[in-house]
1. So, in region A:195-208, exactly how many residues are surrounded by fewer than 24 Cβ atoms within 10 Å (Cβ to Cβ) and assigned to a helix (DSSP H, G or I)?
2. Filter region A:35-44 for residues that are surrounded by fewer than 16 Cβ atoms within 10 Å (Cβ to Cβ) and more than 10 Å from every other protein chain (Cβ to nearest Cβ) and give the result.
3. Quick check: is even one residue across region B:26-38 of a type in the set (A, V, I, L, M), crowded, with 23+ Cβ neighbours inside 10 Å and touching a Gly at 6+ places or on another chain (Cβ under 9 Å)?
4. Please note which helices (runs of 4 or more DSSP H) are completely contained in region B:16-84 and include at least 3 residues that are in contact (Cβ under 8 Å) with a residue 12 or more places away in the chain.
5. Here are some conditions: (1) touching a helix residue (DSSP H, G or I) at 6+ places or on another chain (Cβ under 9 Å); (2) within 7 Å of chain A (Cβ to nearest Cβ). B:THR33 meets all but one. Which one does it not meet?
6. Give just the number: which of (1) modelled with pLDDT of 90 or more; (2) under 26 Å from A:GLN50 (Cα atoms) does B:VAL86 not satisfy?
7. Out of A:VAL183, A:VAL192, report the one residue that is without any contact (Cβ under 8 Å) to a residue 24 or more places away in the chain, surrounded by 22 or more Cβ atoms within 10 Å (Cβ to Cβ) and either farther than 26 Å from A:ASP8 by Cα or of a type in the set (Asp, Glu) (or both).
8. Does at least one position in region B:44-57 carry a residue that is at the interface with chain A (Cβ under 7 Å from one of its Cβ atoms) and either surrounded by fewer than 18 Cβ atoms within 10 Å (Cβ to Cβ) or touching a His at 6+ places or on another chain (Cβ under 8 Å) (or both)?
Amino acid sequence: MPRSVVADSLGVGVATGAYGVSFGALATTSGLDVWQACALSLLVFTGASQFAFVGVIAAGGAPLAGAATSILLGSRNLFYGIGLAPVLRLRGWRRVVGAQIVIDESTAMALGQRDRDDARLAFRLTGWSIFVLWNLMTLAGALAGTAIGDPRTFGLDAAVGGAFLALLWPRLTAVPQRVVAVVGAAVATGLVPFTAAGLPIILGGAVAVCVGLLLRAPDASHRATPAERAEGQVGRKEERP
Amino acid sequence: MIWVGIIVTAVGCYALKLGGLSVPDRVLTRPLTQRVALLIPPALLGALIAVQVLADGQRLVIDARLAGLGAAVVLLLLRAPFLVVVAGAALTAAVLRLL
């Protein structure tokens, strides 16, 4: 259903891209100039890492300490890339360019699709719509400082949570997926107070995948059916209801 | 010096993104890789939802976002379309914050 893929991807793109305004405003109030705020959004383009960099600078940390924190948080994009690679199968310059939009939302939207064409479409539309809007809104936020209102007033933070849940929902029809999702959520929640922002997601996801592998390991007699293998190829499981 | 930090961050973050996409085919077709690839989406989505809804920096808070997620659950049970679920979550949180 390409039409729904287009609408869904652009919807997530708008809701997420609007957050750029809060980053731009926060960056300039933390001591960065407008160019530096815009350079971070253009070149780094992964929200949690950008906020972390600005946070370290605001706290009086060294720029390289900010860079280290930022890159550590960006490590989850490595795992997103591994999940996306068999679905997108990008080659050459498409991979070089596409890599820049490997982020939370484009990954979630791509892996939520039924087939490979839809996944590619969702990845591109979500990623690039966020990229364009995120950068424009960063500029607006940086120029306006804190004058522009908080996107939370419009519930945009809750919208992203709702979008992730809507993507997860159709995958919960089998027991291993349910267990893995709940373990991921529980471990991530438990780690929030004790680890730097961004780490709970990657650690929660990693622990949940390990638990999922243990769940299936003892049952050596169960081989994946051809259909399951095909779905595995495109990184996809259940169909939407 | 801030520019040095920005460039280092940009190079590092881009390398991680490109690195994930560049894992070779023969690794991707291994059964273990395929099982892991199948488990990664629900694992990360579960973790993303929890952090998105409950975390405020390093604190856990219960606020309008959780109500928004509750609204999303109800709408999903009613088999509402994706954008209705997203808009419902946003509207619920926005209205609660107005009160």
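1. Residues flagged as surrounded by fewer than 24 Cβ atoms within 10 Å (Cβ to Cβ) and assigned to a helix (DSSP H, G or I) within region A:195-208 amount to 5.
2. Result: no residue meets the conditions.
3. Yes, region B:26-38 has at least one match.
4. Numbers: elements: B:25-28, B:31-54, B:64-77.
Correct list: B:31-54, B:64-77.
5. (2)
6. (1)
7. Numbers: A:VAL183 fails: without any contact (Cβ under 8 Å) to a residue 24 or more places away in the chain.
When all the criteria are applied, what remains is A:VAL192.
8. Restricting attention to region B:44-57, the residues satisfying the condition of being at the interface with chain A (Cβ under 7 Å from one of its Cβ atoms) are B:44-55, B:57.
Of the ones still in play, those that are also either surrounded by fewer than 18 Cβ atoms within 10 Å (Cβ to Cβ) or touching a His at 6+ places or on another chain (Cβ under 8 Å) (or both) are B:57.
There is at least one residue in region B:44-57 that is at the interface with chain A (Cβ under 7 Å from one of its Cβ atoms) and either surrounded by fewer than 18 Cβ atoms within 10 Å (Cβ to Cβ) or touching a His at 6+ places or on another chain (Cβ under 8 Å) (or both).
The values are calculated or read from the model by the stated rules, or taken from the named source; none is laboratory data. On a predicted model such as this, the values are computed, not experimentally measured, just so you know. All Cβ positions, even for glycine, are placed from backbone atoms using ideal geometry, and neighbour counts span all protein chains on display.
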